Amino acid sequence: MNWLTKRHDRKTPPGLEMKVWKKLPLITLVGTLAILALPVLARILPSAPEVDQAKYINTVDIFAIAAEITLITGVLTVAIGCIIVHIMKGPAYMADSLPVEHSDRPTPHKKRHNGSRD
C-alpha cells in the first residue's frame, strides 16, 4: 500500500545552506591554520624574561587545543544545520486527503431527526 505520493513538481532550489556547506572546508582549514599559528609563534618569539617559558608554552598549547575543539564543534553544528535544511527542502510528499470538518467552507450535512451525524 502506497501511503505517500511523491510530488515531482515541487523542489525548492538550494539557497544559503549550500553556499555555507561549500565554504565549511575552507573555514575549517583557515581556522585550524590560524589556531596552529599561536603555538608556533609562542615557541619562536621570546617571552618576557620573568615568565617561565615551559609554563607559557603549555598555557598556549592548552588554549590552542581548546580553540580547535571549539572550532570543530561549531563547524559540525553548522554542517548539521545545513544538512537538515537541505533535507527539509527536498521533494514534497502528499498523503491521502481526508475531508476537514472545521474548514472555511464546510460541506452541508443532512439534518437528522436525532441530531447525530454519521
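Multiplying the residue separation of residue 43 and residue 23 by 0.36 nm and subtracting their alpha-carbon distance yields 4.1 nm. In this structure the amide hydrogen of residue 92, modeled in the peptide plane, comes within under 5 Å of the amide hydrogens of 7, 10, none closer than 5 places in sequence on its chain. If you count Lys pairs in the stretch 4-94 whose Cα atoms are under 22 Å apart, skipping same-chain pairs closer than 8 places in sequence, the total is 7. With contacts taken as Cα pairs under 8 Å at a separation of at least 6 residues, the stretch 4-94 carries a relative contact order of 64 percent.
With the simple model of a label 7 Å out from the Cα in the direction of the Cβ, residue 36 to residue 73 spans 2.2 nm.
Readers should treat all values here as calculations from the given coordinates under stated rules, not as data from a laboratory. Since this is a predicted model, take the numbers as computed values, not measurements. Note that each Cβ is placed from the backbone with ideal geometry, even for glycine, and that neighbours are counted across all protein chains shown.
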